[in-house]
1. Quick one: how many residues across region 84-115 are more than 19 Å from S6 (Cβ to Cβ), of a type in the set (G, A, S) and outside any loop (DSSP other than H, G, I, E, B)?
2. Condition first: part of a helix (DSSP H, G or I), outside the structural domain of L59 (by TED's automatic domain parsing) and under 14 Å from the mean Cα position of the chain (by Cα). Can you find one or more residues in region 280-301 that meet it?
3. Please verify whether A263 is touching a helix residue (DSSP H, G or I) at 6+ places or on another chain (Cβ under 9 Å), open to solvent by less than 20 Å² (accessible area, probe 1.4 Å) and within 12 Å of the ligand (Cβ to nearest atom), treating the condition exactly as stated.
4. Tell me yes or no: at least one residue of region 292-315 is more than 16 Å from the ligand (Cβ to nearest atom) and surrounded by 19 or more Cβ atoms within 10 Å (Cβ to Cβ).
5. Confirm whether V222 is touching a residue at least 12 places away in the same chain (Cβ under 8 Å), more than 13 Å from the ligand (Cβ to nearest atom) and among the hydrophobic types (A, V, I, L, M, F, W, C).
6. Taking region 150-181 as the search range and keeping residues that are in contact with a helix residue (DSSP H, G or I) (Cβ under 7 Å, 6 or more places away or on another chain) and open to solvent by 30 Å² or more (accessible area, probe 1.4 Å), which one is farthest from L279 (Cα to Cα)?
7. Can you confirm whether region 262-275 contains a residue that is over 24 Å from R122 (Cβ atoms), aliphatic (A, V, I, L, M) and assigned to a helix (DSSP H, G or I)?
8. Would you point out which residue out of R109, R139 is outside the structural domain of A259 (by TED's automatic domain parsing) and more than 16 Å from the ligand (Cβ to nearest atom)?
Amino acid sequence: MFLTRSPVVAEALRAAVRAPSPHNSQPWIFELAPDTIDVVLDESRILGACDPEAREARLSCGAALLNLRLAIAAAGRISEVELTPERDRPALLARVTLGPHHRPTASERRLAAAIPRRYSNRRPFTNEPVPLRVRTAVREAAREEGARLVLLDEAGLLEATAGLIRRADHVQALDAAFQRELRAWTRRGAEDDGVPVYAGGPRSAGGLLPGRYVKEDGAPRVFEQDPVVAVLTMPNDAPMSQVRAGCAMQRVLLTATDAGLSASFYSQPIEITAVRAELRDLLGDSGHPQTVFRLGYGSPGVKTPRRPIEAVARDRIEEERP
Ligand SMILES: Cc1cc2nc3c(=O)[nH]c(=O)nc-3n(C[C@H](O)[C@H](O)[C@H](O)COP(=O)(O)O)c2cc1C
């Protein structure tokens, strides 16, 4: 297998699989050929209830793609990316070609180093404000990948968005298929996918932002007074744009990690179509909302497992061309 022949590829794949994904579903396959890594959407891992159109799965693959790019750069190689390289195979999202030697920039080194340190932290954050310098850095990270990060710091915007999160959360609480899927991906054992119960957060005492994967045991906790909530948007919502949104999401999360911040997601308003449309209207002409997260200074949380790279990588089989 090409994997065993190239330490750079193996290292890049170890970074790729650390990407976040809804319910830790890890909806990716990596097909290898000499000097190329194809990022393929694993259609068997699309979440039918919360992500029927595979938007979040494409975001996850986009995040894995950014990790690949950064790990390759940090290993001292250039990489070129072609999105959806084969028109008649939409599950093939990207082809990464390794090029010649490259001297990694300071930013590439720092973001690559942040990959194994990033995880979703669903616990309360402290009340320490996120400085302007860091807010600017995460906005810039999104822009670098063609997205926009809207920080909800205008009066009323946070409350209105929190209201949409609560409404969508309520819809999902009453949706039997959604609840079944959530239970199916919640893990009590030592599986290498799904969300282990220990990664859940406490119930929020104020209830402003309802979390997913709430620990049923334990008292509700007071969350930070003034949460920093951000919505990542794209100018359009085509599948390729969703992959790019995933790169942007991951660049934001890694930039935040590098600055000492924690993050957790609130996808409820994105997953309910009508609520997503309301969120889009609320943000004015900011584009199509792709993901919502809370940023802040957290106490240490826990990392979740991943499938080994041998389980998600295979050699590319060249089709015979007549
Ligand atoms: C598109 C997307 C949507 C997500 N939505 C939620 C969410 O609504 N609530 C939540 O707690 N985590 C959410 N997550 C985080 C995943 O549960 C998490 O990435 C996964 O369990 C792996 O854990 P890690 O992020 O700690 O590595 C989402 C992740 C992605 C990529």
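1. The total comes to 4.
2. Step one: of region 280-301, the residues part of a helix (DSSP H, G or I) are 280-282.
Pick out the ones that are also outside the structural domain of L59 (by TED's automatic domain parsing) and you get 280-282.
Subsequent filtering for residues that are under 14 Å from the mean Cα position of the chain (by Cα) retains none.
Checking region 280-301: not a single residue is part of a helix (DSSP H, G or I), outside the structural domain of L59 (by TED's automatic domain parsing) and under 14 Å from the mean Cα position of the chain (by Cα).
3. Working: touching a helix residue (DSSP H, G or I) at 6+ places or on another chain (Cβ under 9 Å): yes; open to solvent by less than 20 Å² (accessible area, probe 1.4 Å): yes; within 12 Å of the ligand (Cβ to nearest atom): yes.
Spelling it out, A263 is indeed touching a helix residue (DSSP H, G or I) at 6+ places or on another chain (Cβ under 9 Å), open to solvent by less than 20 Å² (accessible area, probe 1.4 Å) and within 12 Å of the ligand (Cβ to nearest atom).
4. yes
5. Here the answer is yes, as V222 does meet what is asked.
6. It comes out as D169.
7. Filtering region 262-275 down to residues over 24 Å from R122 (Cβ atoms) leaves 273-274.
From what's left, aliphatic (A, V, I, L, M): 274.
The next check asks that each one be assigned to a helix (DSSP H, G or I); those that pass are 274.
Yes, because at least one residue in region 262-275 is over 24 Å from R122 (Cβ atoms), aliphatic (A, V, I, L, M) and assigned to a helix (DSSP H, G or I).
8. That would be R109, the only listed residue that is outside the structural domain of A259 (by TED's automatic domain parsing) and more than 16 Å from the ligand (Cβ to nearest atom).
The values are calculated or read from the model by the stated rules, or taken from the named source; none is laboratory data. Bear in mind that the values here come from a model prediction, so they are computed numbers and not experimental data. Positions of Cβ are generated from backbone atoms using ideal geometry, with glycine treated the same way; all protein chains shown enter the neighbour counts. We work out accessible area using only protein heavy atoms, side chains counted, and drop any ligands, DNA or RNA first. Shrake-Rupley method; radii C 1.70, N 1.55, O 1.52, S 1.80 Å.
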